[in-house]
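Trainee: What follows is a single structure, and I will ask about it in a moment.
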Amino acid sequence: MNFLEERIVKDGIVKEGNVLKVDSFLNHQMDIALFEQMGEEFKKRFEGCNINKILTIEASGIGIACIVAKYFNAPVVFAKKSKSINIEGEMYCADVESFTHKNVNQVIVSKKFLGPEDHVLIIDDFLANGCALQGLISIVNQAGGTVEGIGIAIEKGFQVGGRIIRNLGIKLESLAIVDGMDAATGTITFREQ
(Lines give C-alpha, C1' and ligand atoms only; values in the text may rest on other atoms or scores of the structure.)
Protein backbone atom coordinates (compact mmCIF):
# COMPACT_ATOMS: atom_id res chain seq x y z
CA MET A 1 0.00 0.00 0.00
CA ASN A 2 1.45 3.36 -1.01
CA PHE A 3 1.36 6.65 0.91
CA LEU A 4 -1.83 7.91 -0.74
CA GLU A 5 -3.69 4.62 -0.31
CA GLU A 6 -2.72 4.62 3.38
CA ARG A 7 -4.08 8.15 3.77
CA ILE A 8 -7.32 7.26 2.00
CA VAL A 9 -7.82 4.28 4.33
CA LYS A 10 -7.04 6.45 7.38
CA ASP A 11 -9.06 9.57 6.55
CA GLY A 12 -11.29 8.84 3.54
CA ILE A 13 -15.02 8.28 4.03
CA VAL A 14 -17.05 5.99 1.78
CA LYS A 15 -20.59 7.23 1.10
CA GLU A 16 -23.52 5.71 -0.78
CA GLY A 17 -23.46 6.13 -4.56
CA ASN A 18 -19.75 5.34 -5.00
CA VAL A 19 -18.70 8.60 -3.37
CA LEU A 20 -15.29 8.74 -1.69
CA LYS A 21 -14.92 11.79 0.53
CA VAL A 22 -11.33 12.92 0.86
CA ASP A 23 -12.09 16.52 1.66
CA SER A 24 -10.11 16.51 4.92
CA PHE A 25 -6.80 16.20 3.05
CA LEU A 26 -7.23 16.45 -0.74
CA ASN A 27 -9.98 18.62 -2.16
CA HIS A 28 -11.32 20.99 0.49
CA GLN A 29 -8.68 21.08 3.20
CA MET A 30 -5.34 20.36 1.54
CA ASP A 31 -2.41 18.55 3.13
CA ILE A 32 0.56 20.20 1.45
CA ALA A 33 3.09 17.66 2.80
CA LEU A 34 1.00 14.95 1.10
CA PHE A 35 0.87 17.04 -2.09
CA GLU A 36 4.68 17.29 -1.96
CA GLN A 37 4.87 13.47 -1.91
CA MET A 38 2.47 13.36 -4.83
CA GLY A 39 4.52 15.90 -6.79
CA GLU A 40 7.68 13.90 -6.21
CA GLU A 41 5.95 10.69 -7.29
CA PHE A 42 4.56 12.26 -10.48
CA LYS A 43 8.06 13.57 -11.28
CA LYS A 44 9.37 9.98 -11.03
CA ARG A 45 6.55 8.55 -13.11
CA PHE A 46 6.94 11.12 -15.88
CA GLU A 47 10.74 11.32 -15.77
CA GLY A 48 12.13 11.85 -19.24
CA CYS A 49 8.91 13.33 -20.62
CA ASN A 50 9.33 16.71 -22.26
CA ILE A 51 6.89 18.69 -20.09
CA ASN A 52 6.74 22.49 -20.15
CA LYS A 53 3.13 23.08 -18.98
CA ILE A 54 0.86 21.63 -16.32
CA LEU A 55 -2.87 21.76 -17.12
CA THR A 56 -5.75 21.15 -14.72
CA ILE A 57 -9.37 22.15 -14.25
CA GLU A 58 -10.77 24.32 -11.50
CA ALA A 59 -11.00 23.94 -8.63
CA SER A 60 -9.87 20.74 -6.90
CA GLY A 61 -6.95 19.99 -9.22
CA ILE A 62 -5.27 23.37 -8.80
CA GLY A 63 -3.50 22.73 -5.47
CA ILE A 64 -2.02 19.43 -6.62
CA ALA A 65 -1.07 20.88 -10.01
CA CYS A 66 0.80 23.76 -8.36
CA ILE A 67 2.96 21.41 -6.31
CA VAL A 68 3.56 19.13 -9.31
CA ALA A 69 4.55 22.18 -11.39
CA LYS A 70 7.32 22.93 -8.92
CA TYR A 71 8.91 19.55 -9.71
CA PHE A 72 8.77 20.19 -13.46
CA ASN A 73 9.71 23.87 -13.25
CA ALA A 74 6.67 24.62 -15.40
CA PRO A 75 3.71 26.99 -15.13
CA VAL A 76 0.20 25.79 -14.30
CA VAL A 77 -2.73 26.63 -16.55
CA PHE A 78 -6.18 25.81 -15.27
CA ALA A 79 -9.33 25.54 -17.32
CA LYS A 80 -12.02 27.83 -15.96
CA LYS A 81 -15.60 26.64 -15.65
CA SER A 82 -17.10 29.98 -16.53
CA LYS A 83 -16.10 33.01 -18.54
CA SER A 84 -15.31 36.09 -16.51
CA ILE A 85 -14.55 39.66 -17.52
CA ASN A 86 -10.88 38.94 -16.76
CA ILE A 87 -10.55 36.57 -19.71
CA GLU A 88 -9.90 38.47 -22.91
CA GLY A 89 -9.34 37.40 -26.46
CA GLU A 90 -9.76 34.02 -28.07
CA MET A 91 -10.31 30.88 -26.06
CA TYR A 92 -10.29 27.13 -26.39
CA CYS A 93 -13.53 25.60 -25.12
CA ALA A 94 -14.79 22.13 -24.26
CA ASP A 95 -17.96 20.80 -22.64
CA VAL A 96 -17.30 18.74 -19.51
CA GLU A 97 -19.85 16.70 -17.57
CA SER A 98 -19.13 16.51 -13.83
CA PHE A 99 -19.65 13.18 -12.06
CA THR A 100 -19.63 14.91 -8.67
CA HIS A 101 -21.89 17.86 -9.48
CA LYS A 102 -24.12 16.14 -12.07
CA ASN A 103 -23.97 19.03 -14.50
CA VAL A 104 -22.22 20.12 -17.70
CA ASN A 105 -19.78 23.03 -17.72
CA GLN A 106 -18.10 24.67 -20.64
CA VAL A 107 -14.45 24.93 -19.63
CA ILE A 108 -12.22 27.52 -21.20
CA VAL A 109 -8.52 28.30 -21.54
CA SER A 110 -7.19 31.49 -23.07
CA LYS A 111 -5.31 30.87 -26.32
CA LYS A 112 -2.42 32.99 -25.03
CA PHE A 113 -1.54 30.32 -22.42
CA LEU A 114 -1.53 27.17 -24.56
CA GLY A 115 -0.08 26.61 -28.02
CA PRO A 116 1.57 24.17 -30.42
CA GLU A 117 4.93 24.44 -28.61
CA ASP A 118 3.47 23.11 -25.37
CA HIS A 119 4.12 19.62 -24.01
CA VAL A 120 1.45 19.20 -21.38
CA LEU A 121 1.06 17.09 -18.26
CA ILE A 122 -2.59 17.05 -17.21
CA ILE A 123 -3.13 16.76 -13.44
CA ASP A 124 -6.40 16.19 -11.56
CA ASP A 125 -7.58 14.94 -8.19
CA PHE A 126 -10.12 12.33 -9.34
CA LEU A 127 -10.81 10.23 -12.41
CA ALA A 128 -14.28 8.69 -12.59
CA ASN A 129 -15.93 8.75 -16.02
CA GLY A 130 -13.12 10.64 -17.73
CA CYS A 131 -15.21 13.57 -18.96
CA ALA A 132 -12.98 16.27 -17.44
CA LEU A 133 -9.87 14.65 -18.89
CA GLN A 134 -11.46 14.31 -22.33
CA GLY A 135 -12.29 18.02 -22.19
CA LEU A 136 -8.73 18.95 -21.23
CA ILE A 137 -7.29 16.66 -23.94
CA SER A 138 -9.60 18.37 -26.45
CA ILE A 139 -8.30 21.78 -25.36
CA VAL A 140 -4.66 20.70 -25.77
CA ASN A 141 -5.52 19.25 -29.21
CA GLN A 142 -7.28 22.49 -30.22
CA ALA A 143 -4.10 24.35 -29.25
CA GLY A 144 -1.96 22.02 -31.36
CA GLY A 145 -0.04 21.00 -28.23
CA THR A 146 1.03 17.53 -27.11
CA VAL A 147 -0.41 15.65 -24.15
CA GLU A 148 2.69 14.01 -22.65
CA GLY A 149 0.72 12.31 -19.91
CA ILE A 150 -1.96 12.48 -17.27
CA GLY A 151 -1.42 12.27 -13.52
CA ILE A 152 -4.37 11.48 -11.27
CA ALA A 153 -4.43 11.33 -7.49
CA ILE A 154 -7.37 8.89 -7.16
CA GLU A 155 -8.87 6.84 -9.98
CA LYS A 156 -12.16 5.02 -9.52
CA GLY A 157 -11.09 1.86 -11.33
CA PHE A 158 -14.62 0.47 -11.35
CA GLN A 159 -15.79 3.35 -13.56
CA VAL A 160 -15.02 3.72 -17.27
CA GLY A 161 -12.75 6.80 -17.27
CA GLY A 162 -9.41 5.05 -16.87
CA ARG A 163 -10.18 2.58 -19.64
CA ILE A 164 -11.35 5.35 -22.00
CA ILE A 165 -8.20 7.43 -21.44
CA ARG A 166 -5.82 4.45 -21.69
CA ASN A 167 -7.54 3.41 -24.93
CA LEU A 168 -6.55 6.79 -26.37
CA GLY A 169 -2.92 5.71 -25.99
CA ILE A 170 -2.08 8.44 -23.47
CA LYS A 171 0.19 7.61 -20.55
CA LEU A 172 -2.06 7.68 -17.49
CA GLU A 173 -0.58 7.40 -13.99
CA SER A 174 -2.93 7.18 -11.02
CA LEU A 175 -1.40 7.21 -7.55
CA ALA A 176 -4.30 5.22 -6.08
CA ILE A 177 -6.79 3.12 -8.05
CA VAL A 178 -9.91 2.22 -6.11
CA ASP A 179 -11.45 -1.00 -7.45
CA GLY A 180 -14.29 -1.16 -4.96
CA MET A 181 -15.93 0.60 -2.02
CA ASP A 182 -18.51 -0.56 0.48
CA ALA A 183 -20.43 2.24 2.18
CA ALA A 184 -21.93 -0.15 4.76
CA THR A 185 -18.54 -1.28 6.06
CA GLY A 186 -16.44 1.68 4.94
CA THR A 187 -13.96 -0.66 3.23
CA ILE A 188 -11.97 0.31 0.16
CA THR A 189 -10.28 -2.12 -2.23
CA PHE A 190 -7.25 -0.86 -4.14
CA ARG A 191 -5.86 -2.23 -7.40
CA GLU A 192 -2.36 -3.67 -7.20
CA GLN A 193 0.01 -1.47 -9.23
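Trainee: Taking Cα pairs under 8 Å and at least six residues apart, what relative contact order does the chain come out at, in percent?
Mentor: Dividing the mean separation by the residue count of the chain yields 19 percent.
Trainee: Which lysines have a Cα lying under 21 Å from the Cα of LYS15, excluding residues fewer than 8 positions away in the same chain?
Mentor: LYS102, LYS156
Trainee: Once you have a ≥ b ≥ c as the square roots of the Cα gyration tensor eigenvalues for the range 5-141, tell me rounded if a/c is under 1.5, and otherwise prolate or oblate according to whether a/b is larger than b/c. Before the final figure, lay out the partial values.
Mentor: Values: a/c = 2.01, a/b = 1.23, b/c = 1.63.
Oblate shape, in that a/c is at least 1.5 and b/c is the bigger or equal ratio.
Trainee: Further question on the same structure: First compute the accessible area of the chain with a 1.4 Å probe, then give the percent of it belonging to carbon and sulfur atoms.
Mentor: 48
Trainee: Could you sort LYS15, LYS10 by their accessible area in this structure, using a 1.4 Å probe and putting the largest first?
Mentor: Descending accessible area places them as LYS10, LYS15.
Trainee: Of the listed peptides 171-181, 45-55, what is their order by residue-averaged count of other C-beta atoms within 10 Å, with the highest listed first?
Mentor: 171-181, 45-55
Trainee: Sticking with this one: Positive end of the dipole of the chain, charges at C-beta (+1 Lys, Arg; -1 Asp, Glu), about the Cα centre: which of THR187, PHE78, ALA153 has its Cα farthest in that direction?
Mentor: PHE78
Trainee: Say the cut-off is 20 Å between C-alpha atoms; which of LYS44/LYS112; LYS53/LYS80; LYS112/LYS171; LYS81/LYS111 go over it? Write down the numbers at each step before the final one.
Mentor: Details: LYS44/LYS112 29 Å; LYS53/LYS80 16 Å; LYS112/LYS171 26 Å; LYS81/LYS111 15 Å.
LYS44/LYS112; LYS112/LYS171, as the Cα separations exceed 20 Å there.
Trainee: Which of the lysines could a cross-linker span from LYS10 if the Cα-Cα distance has to be under 17 Å and same-chain partners fewer than 8 positions apart are dropped?
Mentor: LYS21
Trainee: May I ask you to list the residues of the range 134-157 whose amide nitrogen lies under 12 Å from a point 7 Å from Cα along the Cα→beta-carbon direction of ARG45?
Mentor: Residues 149-156 qualify, since their backbone N sits under 12 Å from the label point.
Trainee: Between SER110 and SER138, what is the spin-label point distance in nm, taking each point 7 Å from the Cα along the Cα→C-beta axis?
Mentor: 2.3
The values are calculated or read from the model by the stated rules, or taken from the named source; none is laboratory data. Note that the structure is predicted; figures quoted are calculated from it, not measured. Please note: Cβ atoms are built from the backbone with ideal geometry, for glycine as well, and neighbour counts cover all protein chains shown. Just so you know, the surface numbers come from the protein's heavy atoms only, side chains and all, with ligands and any DNA or RNA stripped out. Shrake-Rupley method; radii C 1.70, N 1.55, O 1.52, S 1.80 Å.
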